[in-house]
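The values are calculated or read from the model by the stated rules, or taken from the named source; none is laboratory data. All of these numbers come straight from a predicted model, not from anything done at the bench. Positions of Cβ are backbone-derived with ideal geometry, glycine not excepted, and every protein chain shown enters the neighbour counts. Side chains are part of the model used for accessible areas, which takes the heavy atoms of the whole protein and leaves out ligands, DNA and RNA. Shrake-Rupley method; radii C 1.70, N 1.55, O 1.52, S 1.80 Å.
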Amino acid sequence: MDQFYPGSPFSHVMLDNERGVLEGVRYLAELGHRRIAFLGYISNPEVPDERSLAFPKAMRALGLPLPEAYLRPLPALGEPGAYALTHELMRLPEPPTALFAVSGAGALRALKELGLRIPQDVSLLTFDNYSWMELVDPPLDAIEQPVEEMARLATELVVRMVESRDPSLVVHYRLPGRLIRRGSCAPPRG
């Protein structure tokens, strides 16, 4: 659940990451953002990250520029990596006007330290929908995974496989995310 390794012969239940990334990039583009960076880029050919692979495709599909300076892999996974990369990106001569983060907490902490206001100075869009995201100011916009539906489908799939005793039963579920708008994204200044 929530992970799929290319060529794996097993069933999986997960977010339609490509569609979720495209929806997020489209949302930022419709607000007027052209300088969008993705905080989650993982450069690992053995375990390709679908969101990282989907981001450049989404940018190209929408005719948006993809500066080489923004295509930096996370220096570490999760919150520490997003924190460090946010510091790097926002110190560029031409920083992004919007960040699309896999880990919103790391990006949020870095932006606060840098004295940047959300969304006035930079928009922040993230994945998942943790309860703390509603408690910060402003609350974070997010692409929510349907975790309850994913868990239900995964449980049904396991039960079906056990009851049928058929190890060849392979099912792939890809569920759409839901864009939640709370106020951390706005048109870029100027």
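List the relative contact order of the range 62-166 as a percent without decimals, with contacts defined as Cα pairs under 8 Å and 6+ residues apart.
On the way: 105 pairs, mean separation 19.2, N = 105.
In percent, rounded to a whole number, it is 18.
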- Separation of alpha-carbon centers, the range 54-77 and the range 108-137, rounded to whole Å: 20 Å
- Taking the chain as a Gaussian network, Cα atoms linked when under 10 Å apart, which of Ala61, Ala101, Ala84 shows the biggest mean-square fluctuation? Ala61
- Message: In whole percent, and with a 1.4 Å probe on the protein chains, what portion of the accessible area of the range 1-153 is carbon and sulfur?
- Response: 54 percent
- Query: When Lys and Arg each count +1 and Asp and Glu each count -1, what net charge do the other residues less than 14 Å away from Gly32, Cβ to Cβ, add up to?
  - Reply: +3
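Per DSSP helix of 4 or more residues, -39500 (n - 2.57); summed, then divided by the residues of the chain. What does that give at 222 nm, rounded to the nearest 500? Present the calculation step by step, with values, prior to reporting the outcome.
Details: 5 runs with 67 residues, N = 190.
Computed ellipticity for the chain at 222 nm equals -11500 deg cm²/dmol.
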- Neighbourhood net charge (14 Å Cβ-Cβ; Lys/Arg +1, Asp/Glu -1) for Arg117: -1
- For 93-99, 124-130, ranked highest to lowest by mean beta-carbon neighbours within 10 Å, the order is 124-130, 93-99
- Non-local residues with an amide H under 5 Å from the amide H of Val122, with H modelled 1.01 Å from N and Pro and chain starts lacking one, are Arg117
- Axial C-alpha extent at least 15 Å, average Kyte-Doolittle at least -0.5 - helices from the chain (DSSP): 50-61, 78-90, 147-164
- Note on the structure: Of 106-118, 17-29, ordering from highest average Cβ density within 10 Å down gives 17-29, 106-118
- What do you get for Rg/Rh of the range 61-176 when both radii come from the Cα atoms and Rh is the Kirkwood radius? 1.13
